[in-house]
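This report refers to the structure that appears directly beneath it.
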Amino acid sequence: MWLGRQYRRAVASSVSLLTQLQTEGDARIAATETGQIVATTSGNGLSVGFSNPGAAGSTPAQMASLCGEMLRRYDDAKATLGGSPTDAQIYAKMLADLVSIPAYGHEFADLTK
């Protein structure tokens, strides 16, 4: 879904997929430069809790990492295809190389006190 959204944005903006991925990555990295935000405070106990921006979902750092991974996959797809592939060909190769993960869970079988 995320890669498809970036591809559609690139097409709509008439920029290359590479440019779109770089722009998205730069925006996510910039979001992490401000550090953490205050999430909770207390009174006499002098307790303050911090969280990353966007802590309700993926953090900007995680999104920056995703952008980095997609840029690596872009380079790999372009090299594999050879010549001068179009963005559509690169996008199709990137999608073909992604592995679907239908579900995940936590395994606590080895958890000890």
- Query: If the Cβ limit is 8 Å and pairs must be 6+ apart or interchain, which residue in region 1-27 that is more than 21 Å from ALA96 (Cβ to Cβ) pairs with which residue that is among the small types (Gly, Ala, Ser)?
  - Reply: THR19/ALA10; GLY25/ALA64; GLY25/GLY68
- Task: Read through the list (1) modelled with pLDDT under 65; (2) touching a strand residue (DSSP E or B) at 6+ places or on another chain (Cβ under 6 Å); (3) not aliphatic (A, V, I, L, M), then give the number of the only condition that THR34 fails.
- Result: (2)
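Look at SER14 and say whether it is modelled with pLDDT under 80, over 16 Å from CYS67 (Cβ atoms) and among the hydroxyl-bearing types (Ser, Thr, Tyr). Break it down into steps so the answer makes sense when it comes.
Working: modelled with pLDDT under 80: no; over 16 Å from CYS67 (Cβ atoms): yes; among the hydroxyl-bearing types (Ser, Thr, Tyr): yes.
So SER14 does not fit the description; no.
Here is a check on your reading of the model: is GLY49 in contact with a strand residue (DSSP E or B) (Cβ under 9 Å, 6 or more places away or on another chain), surrounded by 10 or more Cβ atoms within 10 Å (Cβ to Cβ) and either in a helix (DSSP H, G or I) or at pLDDT below 85 (or both)?
Yes: the conditions hold for GLY49.
The values are calculated or read from the model by the stated rules, or taken from the named source; none is laboratory data. Please read these numbers as outputs of a predicted model, since none were measured by experiment. Cβ: placed from backbone, ideal geometry, glycine included. Neighbour counts: every protein chain shown.
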